[in-house]
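Only one structure is covered here, and it is reproduced in the block below.
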Amino acid sequence: MNGSRLATHWEGISSMKHPRDFSIDEILATNWDKRLADDIAAELELASGEPRISIPEIRRFFAIKSFRNLLGRLESIRSGKSSFSALRAVAGEMRRFAVEHPGLAAATFRAPLGECPEWRRAYQELHEFMVAVFAECNLHGREGDDALQILRCLVRGFALHEFMDAFLHTYSYDEAYERALDIFIAGLRISKTDRSELGFRYSMSATSEPRI
């Protein structure tokens, strides 16, 4: 790469907005995952000097890469652990991955698009891994799927706020997330009988007439 091309490359990189430079209005007005994909595609074009490829191609490439990278990290952190100990370790690693690689993490929160067997296989492998973790916590079928969706929301929400430094009164994101996991896991530990009883009590209170 010659000097002029190198200068053009770094000028292009420096002119790109840092994620924290985006205004809230910009974020709310557009799809955040698409913005990340656009930024990644633009950066690849600047780095390679080749015409940028399509956004769908970028999404497929990074989705497959992201699922595989995340699964590898989760398998490593889970090694030697089981049940809720494994769940806590996996949940912590999911957040670390999301904070360290926001663009890649965004791809793992998207369900496979189109007919791409490799993408669907990578998605399914990660899903099966997480389902097995929840099964060790005695959460099967729909309960396991519900717990996974709640965890995904928790991870993405925390990572996005941390990435944007959106919490005004948080002294430690690590401690705040650990506290959130305490609450999440405590809820999962409630037995099926207790959950059924709580559901029954809620339905009775919702239909009963208010006291005067």
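When the Karplus curve 6.51 cos²θ - 1.76 cosθ + 1.60 is applied with θ = phi - 60°, which whole-Hz ³J(HN,Hα) does each residue of the range 148-154 get, with x for Gly and Pro?
5, 5, 5, 5, 4, 5, 4
Roughly how much of Met130 is accessible, in Å² to the nearest 10, using a 1.4 Å probe?
Roughly 10 Å² of Met130 is accessible to a 1.4 Å probe.
Ala180 versus Phe109, label points 7 Å from Cα toward the beta carbon: distance in nm?
Distance between label points: 1.0 nm.
Within the set of other residues whose C-beta is less than 9 Å from the C-beta of Phe134, count the net charge using Lys and Arg as +1 and Asp and Glu as -1. Working shown, then result.
Details: positive: none; negative: Glu136, Glu143, Asp145.
Within the 9 Å Cβ shell, the charges total -3.
Show me, for the range 98-106, the HN-Hα J-couplings you get by feeding each phi into the Karplus relation (A = 6.51, B = -1.76, C = 1.60, θ = phi - 60°), rounded to Hz, glycine and proline as x.
Result, ordered by residue: 5, 6, 6, 9, x, x, 5, 4, 4 Hz.
The values are calculated or read from the model by the stated rules, or taken from the named source; none is laboratory data. Bear in mind that the values here come from a model prediction, so they are computed numbers and not experimental data. Every residue, glycine among them, receives a Cβ derived from its backbone with ideal geometry; neighbour counts consider all protein chains shown. Heads up: the accessible areas ignore ligands, DNA and RNA and are worked out on the full protein's heavy atoms, side chains in. Shrake-Rupley method; radii C 1.70, N 1.55, O 1.52, S 1.80 Å.
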